[in-house]
Amino acid sequence: MTTTRTPPSTEPLSPKPPPKRSRYTLVIAVVLVAAAVGTTLLLTLGSSSGPNSAESSYAYYQSMMGRFGLGGDSMMGRSDYGWMMGNSGYGWMMGGASVAPQWMQGQRLPGSIMGTSTDMGRVMGRLFADAPGPRVNPSEAAALGNEVPAWATVDKGANRIAFRGSPVQLTVVASPRGNPDETFRVAGLVNPTIVVPRGARVTLTLVNADPDTAHGLVVTSTGSASSYMPMMTAPEAFSGAAVWFLGNPTSAGMHKGSVNFTATTGTYRYLCPVPGHAQKGMVGSFVVES
């Protein structure tokens, strides 16, 4: 049935601090990190408005990390992870505009953060449940997951949604109620093939509807979904094509975040970059036709 709307694995390593550099290199790095803070937050905690959105998100990170005694003395002695309280740790944990968080690239979270859990997605979902950023309520998320966007044709039999024009605006809901576990819902379909024209300006909005696990969204090269940590070998296919992760929903709503990029011809994957999730089924095809 077709409906149309017309247009209007390896064991992870412990976190390592960045190598020491000269004074001049350090000054440059600090400037670049400061400039990237806003971009990083847009890719991890969702886009938000207002001049203080980056500062409030960074403040949340420091407050959350401070609860684990990483900034100095702890109950078990002096912490070896004090560097994680600053900009270097923030980048390690959150990722950036073109670099995935290091815990998605083979390094492990500190034991004081992981506790007895071995599931990084569950830990991160819990830690960032109260993070600042835009949200939607459950009824809005359900509607968005079933919405057929403008310019699009949905083929349920082929599990495919194709766009005829630009811009492409699409909502991807992670693990909503009624879906198989660890899957995406897009325009009423489960992990559909998404087809867009070359040169289209694409906006993908991720909503995390999973009650107890962090999820993200990245468009990357074909074939990377078989890896437990796909971001170790397959970076994002387009600049700005990643929301690295969003925290668990709370009574305040479900976190959302958007990515924007210009599509170039090829066949790609969209997937959840949180370790293990693509393997479990959070993956679909993203095709850019010439």
Checklist line | Lys/Arg +1, Asp/Glu -1 at C-beta; region 135-289 dipole; positive extreme among P138, V190, S175 | finding: V190
Note to self: For region 145-171 and region 197-258, what is the centre-to-centre distance using only Cα atoms, to the nearest Å?
What the structure shows: 18
Check: Can you give the relative contact order of region 237-277 as a percent, counting alpha carbon pairs under 8 Å and 6+ residues apart?
Finding: 45
Item checked: region 86-205: mean projected area of Cα convex hull, nm² -> 9.9
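Just so you know, all these numbers are worked out from the coordinates, no wet-lab data involved. In this text the structure is predicted, and so the values were computed from the model without any measurement. When we count neighbours, we look across all protein chains shown, and the Cβ atoms used for this are built from the backbone with ideal geometry, even at glycine.
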